[in-house]
Structure formats: C-alpha cells, structure tokens
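What follows is one structure encoded as structure tokens, with my remarks underneath.
The values are calculated or read from the model by the stated rules, or taken from the named source; none is laboratory data. No experiment lies behind these values; they were computed from the predicted model shown. Neighbour counts run over all protein chains shown; Cβ positions are idealised from the backbone, glycine included. Ligands, DNA and RNA are excluded from the accessible area calculation, which covers all protein heavy atoms including side chains. Shrake-Rupley method; radii C 1.70, N 1.55, O 1.52, S 1.80 Å.
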Amino acid sequence: MASSVFHAPCGAPSIKQLECQKYVGLRPSVTLRFNCVKTKTVTTRRLVVTASKSHDGTTKKLGISDAECEAAVVAGNIPEAPPVPPKPAAPAGTPVVPSLVSEPLFSILSRNRVINYAFNLSSEFFNCHDIAKLHFFFFWVNDKVDKPLSRRPRRNRKSPAMRASFQETNLSPENFVYPLFIHEGEEDTPIGAMPGCYRLGWRHGLVQEVAKARDVGVNSVVLFPKVPDALKSPTGDEAYNDNGLVPRTIRLLKDRYPDLVIYTDVALDPYSSDGHDGIVREDGVIMNDETVHQLCKQAVSQARAGADVVSPSDMMDGRVGAIRAALDAEGFQHVSIMSYTANISGAYFCILFWLHNQSYQMNPANYREALVEAQADESEGADILLVKPGLPYLDVIRLLRDKYPLPIAAYQVSGEYSMIKAGGALKMIDEQRVMMESLMCLRRAGADIILTYFALQAARCLCGEKR
C-alpha cells in the first residue's frame, strides 16, 4: 500500500473526512478517508492519501462536481489511468539498423566512408588550393548525413481508423445508377452472359427490383428496353410512341415511387430493324441529321412520361443541342441531359451490342478526341458527361474531370461486369473485393456517378448485408 503526503497553505479551507468514493480511481483497502491533520508548526496542513493496490478495471461516475475533481487533481490526488504501453517487440533476428536519412546515398555509407570518398575525388575537382570548395562539400555531406527522414507517409495509414480518416475517395449507394433491362413479358428472363442480370417484366419483376435497390439506398435507374421485332423499323418510329414500353414503364415507376430518379436511353438501336443507333442509308452510311430528328421526338416522349434525365447514347453530331431545344420548346426545361460524351467503340460491351459502330462511336486508341466531344456537348447544353466503358478508360474520365466543371458519369459495361463475375465463379479472384475496388477506381478517377450492374450487390455490401 502506498501513501502520498500533500501540503497546502494553512489559509486553505479545511477538508474533514473526505470519502474516497467521491474520487475516480481511488480504491480503499478497508476504509479510506482523507483527513486533514494539523502539524506542530501550524503553518501547513498535511493530507495523507492511501491508494488501494487492487483495481477492478471499471470506472464509475462518482457524482462529484467539476470543481471537486479539479481540486483533487490540484491537491495531487491524480485519478488512476492505464500505464504507458510497452514498445512492441520485433521478431527474433530483426537487424538493428540506424534511422533512415533523407538521402539514399547516406543511408548506406557511413560518415567516414563519405569523407574518404571526398578525398579520393579527382584532383580536377578538388585540389589543395580549393579549400573553400572542399569546406562547402564537407558541410553539405555533414548536413545530409545528419538529416533524419522527416517525411514518413506510412504514419497516416498506420491503423484502420487513421487510414479511413484520410481516405480521399468515398463510395456510397447514392453514386450508383442501376441499369435495368425490361421487356413486355411477365417473367424475368436471365441474361446468360451476365450472371445475376435479367430482362425484367415491366409490371412485376422491374418493380420488385427497384424496391430492392431503394431498400439499400440506390434511388436512380436507367431503362433499356427489348422491343418486339414486329415493332422495329428502319427509322425506329416506335422510339417515340407515347404508349410504348419505356413511356409506360416510366409512368408506372413514377406512380409507385415518385422520388425515383429515372434515366432513359435515347438511341434508335432497340427500335431499328438494322440494329444501329441511327437510320442506315442503303449504302450503309448512318444518316446523322435525320437520326437527330428522330432522337428529339424520342427524348420529348420520354420527358412527357416523367423521365428525369434523358441520355443520348447515339454519338450523332449536334444531337445534344437539338434535344435541348426540343425539350425546352415542349416545356421540359427541368429535364436533364446526360450525354454519352466518350462512347467508345470496343469489345467490352459486345455481349449485347455486337454490330459494327465504328463510324459514329469513338476510336479506343484516341484520347484528345474526348475533349472535342466534351466541348461540343457542354456548349450545346449537356448537364452530365458520360464515359463508356469505364475501367479501361480511367484516363479519359480524369481528363474530363480536370477540364470541365460538369458532373462526370462512368458506365461500367457488361464486359467489365462479366469478367469480374467469371473470375469470381472460377475462384480466381475475390469477386466482392474486386467489385468494390473497381467501383472505387472509377470514383477516384473522377466519376460522380457510376452506371453499373453491380449497383444492388455493391450497395448491399456498403450497407453491411451479406452477399
């Protein structure tokens, strides 16, 4: 048992029979009281505090005021606290090395070796008469040798909590737009090349899937229709049928979920008997201006049904400005345009879109061309710029992010999705970790929103649900 003696001026108010239970961290052996004892000189009072050796590891509130707590500390009655933890031991055999310095050369060479090196330099650089230069060199050597390694980036990631504190990029369900395929039937039809994806019946399966997404925070969807072949035509007139599959679906979803954000695809390929994004001339040329005329009518039809964002993916020249003018003329100034600014023709989404489209989609080898497209889209009134595919074109996402103030979207297309799914099924990768990392990479590159088939699965992961 240890005792501490504290002295206070005699003028201080006396404290009689202070109960130790009022002081945090003090534990009596039997009964402990604080007694004010007058000494023979009568000039000081002596307070003897006896602390218990035992400690049950719990700390309870004792119901004393801040002033009493502070008075106890001033009097030297310091509450118990855990001791300074010992330094963790290194594994056996760990070499004992000096602290690193800022210059790699001097972390290897000792001071004497560096100085010897200086003396061995050629006389062309140092000579007996060049004392000032030699002194300067020794001063520089000494400064470098003694300078410690001041910048250690690992300090900011030494624990999970600190690592999370300094995370520059975050991912949340609000960043996702869920692409959903719809058809006229009532049954949900699996898409073989895309495990977990279906063509959903627009009245049943779609509504249920949207409800699942909303439950985990995904409140934005983009619709892609499968139109019956009998309704397809060379000019894609079904695209602007106000009672077509997409307008009907928009009205149904808005009736069920008024706050749901609905993106639509503006392009002729689902409605074209040729399968292209535009009207095809008999010699195979995609007719630009005539296609834009059809796209304007399609966008207005979708806006009339309740679409929040129309998304021209066709890559026709001038279509953003024409669609903006058409929407405004019909009173849909509030409807946004997400332009497929860098819709890159390649193999990553050939699973669903396999026709040749090199004449209107971007060359995968090009980078600066994205700036040309973005400048045109911004000047014509686009509200969001999209890059498709996503992960293979992180450089293009970053380019647009740095050059333009508009929100940037990335489309993680079917090929990206299927590769991760296939790798996970074959146990070659951890599907969930790769999924989340791929989405984080798109965000880090500069994407504000991500169109991804992983939206529901990733949101469940972020919300802590099981796979």
| message | I need a count of the residues in the range 36-83 that are in a loop (DSSP other than H, G, I, E, B) and either among the charged types (D, E, K, R) or at pLDDT below 80 (or both). | response | 18
| query | Which residue out of R443, R433, R460 is within 21 Å of T341 (Cβ to Cβ) and open to solvent by 30 Å² or more (accessible area, probe 1.4 Å)? | reply | R443
| task | Kindly list the number of the only condition in (1) in contact with a Pro (Cβ under 6 Å, 6 or more places away or on another chain); (2) of a type in the set (G, A, S); (3) open to solvent by 40 Å² or more (accessible area, probe 1.4 Å) that fails for G346. | result | (3)
| request: Kindly check whether there is at least one residue in the range 366-387 that is open to solvent by 10 Å² or more (accessible area, probe 1.4 Å), among the hydroxyl-bearing types (S, T, Y) and touching a Pro at 6+ places or on another chain (Cβ under 9 Å). | output: no
| note | When every residue in the range 314-336 that is in a helix (DSSP H, G or I) and open to solvent by less than 10 Å² (accessible area, probe 1.4 Å) is compared, the one farthest from G278 (Cα to Cα) is L327
| query | Can you name the residue in the range 235-252 that is within 20 Å of I337 (Cα to Cα) and hydrophobic (A, V, I, L, M, F, W, C) and is also surrounded by the fewest Cβ atoms within 10 Å (Cβ to Cβ) among such residues? | reply | I250
| remark: Scanning the range 265-300 residue by residue, those in contact with a Ser or Thr (Cβ under 6 Å, 6 or more places away or on another chain) and open to solvent by 30 Å² or more (accessible area, probe 1.4 Å) turn out to be S273
| task | Sort through D283, D265 and tell me the only one that's farther than 24 Å from A325 by Cα and of a type in the set (D, E, K, R). | result | D283
| query | Which of the residues belonging to the range 209-236 are part of a helix (DSSP H, G or I) and over 30 Å from the mean Cα position of the chain (by Cα)? | reply | D229, A230, L231
| request: State which residue is modelled with the highest pLDDT when the search covers only the range 277-290 and only residues that are in contact with a helix residue (DSSP H, G or I) (Cβ under 8 Å, 6 or more places away or on another chain) and outside any strand (DSSP E or B). | output: G278
| task | Enumerate the pairs (first residue in the range 376-392 and at positive phi and touching a residue at least 40 places away in the same chain (Cβ under 8 Å); second residue anywhere and assigned to a strand (DSSP E or B) and of a type in the set (V, I, T)) with beta-carbon separation below 8 Å, excluding pairs fewer than 6 apart on the same chain, so at least 6 apart or on different chains. | result | G381/I337
| query | Has the range 265-276 got at least one residue that is within 26 Å of I449 (Cα to Cα) and part of a strand (DSSP E or B)? | reply | yes
| task | Can you run down the residue pairs with Cβ atoms below 9 Å, 6 or more apart or on separate chains, where the first is in the range 425-437 and within 14 Å of A459 (Cα to Cα) and the partner is at pLDDT below 95 and open to solvent by 100 Å² or more (accessible area, probe 1.4 Å)? | result | Q432/R467
| request: Report yes if S311 is in contact with a Ser or Thr (Cβ under 8 Å, 6 or more places away or on another chain), small (G, A, S) and open to solvent by 30 Å² or more (accessible area, probe 1.4 Å), otherwise no. | output: no
| Is it the case that the range 304-313 has a residue that's assigned to a helix (DSSP H, G or I), touching a residue at least 12 places away in the same chain (Cβ under 8 Å) and farther than 21 Å from Q375 by Cβ? | yes
| Which of the residues that make up the range 177-198 are within 18 Å of K421 (Cα to Cα), in a strand (DSSP E or B) and open to solvent by less than 70 Å² (accessible area, probe 1.4 Å)? | Y178, P179, L180
